[in-house]
Amino acid sequence: MRKPLFTGSGVAIVTPFTTDTVDLHTLGKLLDFQLENGTDAVIVCGTTGEASTMTYGERMRTIEYCVDHVNGRVPVIAGSGSNSTEVAIALSRDAQRAGADGLLVVTPYYNKATQTGLVRHYTAIADAVEKPVILYDVPSRTGVTIAPETYAELAKHPNINGVKEAGSNFSNIQKTRNLCPTDFSIWSGNDDETAPICLLGGVGVISVAANVVPEQMHRLTELCLAGDFAAAGKLQLHLKALCDALFCEVNPIPVKTALDLLGWNAGPLRLPLCESSAANRERIRKTLVKYGLLTE
C-alpha cells in the first residue's frame, strides 16, 4: 500500500525575487511562517513559484535551500514538470538529488499530448526516479486534461503517488476515485474546492491561499480529514471571498500582491507576468482588511 506523500495542507510557496535572482533570505522567513502555522508540506518551484521563468540553476538552488531549511520537519515536494519528457526527467533526477521528498509533475503544456502520450510521459519520469511522483492536472493552464482511465493506468506504477487535481471536473474526480485503487491519493489543486474534493476521498490541498492563511488552510483540511464536513463546509464558505481575491488575476500575481501588502516583500514578478492592476490591488487590499489580516 502506498502512503500519501502528505495529508492536509501543502503550501504552493511563492518564490521571492530580487531584481536579478532568488531572495533566499525572504524565502527562509516565509518557510518559517508556514512551519509555525501548521502547514503540512512545502511545494517549491511550482506554478505559484514561477518556476517556468527561473533558470535551471535557480530552480535547483531554491529546492536545495528549501530542503535544508525545512530540515525534515515536513515533506518538501519539488515542481519538476516540463513539456519535454527529457527535461522533466533531468529536473526530477536533480530535484531528487537535492533531497526533495517528492516531485510534482504538471502535464506537458503546449504540446497537448494524447492520453497515450501522457501515460508514456509519466511512466518515463516515474521509471527514472525513486521518489514519489504527484501528477498535476491543470487544463486551464496547459490545455490538457488527464482522463480518469489514464489515472487508472498510471496508478499501477508504484512511484506514482497520486494527483493534484485542478480541473474542476467533479464528475471526472468521482470516476477517478472509482477507477483507481484507494492508495492513489487525490489532492485539491484549487483552494475553493478543498472540502468537496476531500468529501470525495481527497487527502488535502496544494494551496495558494496557504501563503497568506496557512493556519486556516491547515484547519480546513484537518476538519475534512476528521470527517467533520459540517464545520469544514462553513470554513470553506468563509474563505471563499479570500480565495476569489487571490485568483482575481493569473496566479501568482494576486498572492504576491497580498504578501507585499502584508509586508513580506516577495519581490517582483518575472515577465511575462507583471504587477497587479490598480483596481485588483485595491480589491486584494480590501479583502485582506475584511479578513482581519491588514488594518485600514
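The values are calculated or read from the model by the stated rules, or taken from the named source; none is laboratory data. Treat the numbers as computed from the prediction; the structure is a model and nothing was measured. Glycine gets a Cβ as well: all are built from the backbone with ideal geometry, and neighbour counts include every protein chain shown. Ligands, DNA and RNA are stripped out before the accessible areas are found, and what is left, the full protein with its side chains, is counted by its heavy atoms. Shrake-Rupley method; radii C 1.70, N 1.55, O 1.52, S 1.80 Å.
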Does Val70 satisfy the condition of being of a type in the set (Val, Ile, Thr) and open to solvent by less than 10 Å² (accessible area, probe 1.4 Å)?
yes
Could you check Thr19 against (1) surrounded by fewer than 17 Cβ atoms within 10 Å (Cβ to Cβ); (2) more than 19 Å from the chain's Cα centre (by Cα); (3) in a helix (DSSP H, G or I) and say which number it fails?
(3)
Within the range 45-90, the residues that are touching a Cys at 6+ places or on another chain (Cβ under 7 Å) and closer than 19 Å to Thr221 by Cβ are Val76
So which of Leu135, Leu118, Leu91 is at pLDDT 95 or above and either under 27 Å from Phe33 (Cα atoms) or part of a strand (DSSP E or B) (or both)?
Leu135
Go through the range 228-241 and give me each residue that's open to solvent by 50 Å² or more (accessible area, probe 1.4 Å) and either among the small types (Gly, Ala, Ser) or assigned to a helix (DSSP H, G or I) (or both).
Phe229, Ala230, Lys234, Leu237, His238, Lys240
Criterion (in a loop (DSSP other than H, G, I, E, B), of a type outside the set (Val, Ile, Thr) and within 20 Å of Leu262 (Cα to Cα)) met by exactly one of Gly38, Gly28, Gly81
Gly38
How many residues does the range 242-267 contain that are at pLDDT 95 or above and either loosely packed, with under 15 Cβ neighbours inside 10 Å or outside any helix (DSSP H, G or I) (or both)?
11
Test for Gly38: is it at positive phi and either surrounded by 23 or more Cβ atoms within 10 Å (Cβ to Cβ) or under 18 Å from the mean Cα position of the chain (by Cα) (or both)
yes
If His218 passes every condition in (1) open to solvent by less than 20 Å² (accessible area, probe 1.4 Å); (2) touching a helix residue (DSSP H, G or I) at 6+ places or on another chain (Cβ under 8 Å); (3) assigned to a helix (DSSP H, G or I) but one, which one does it miss?
(1)
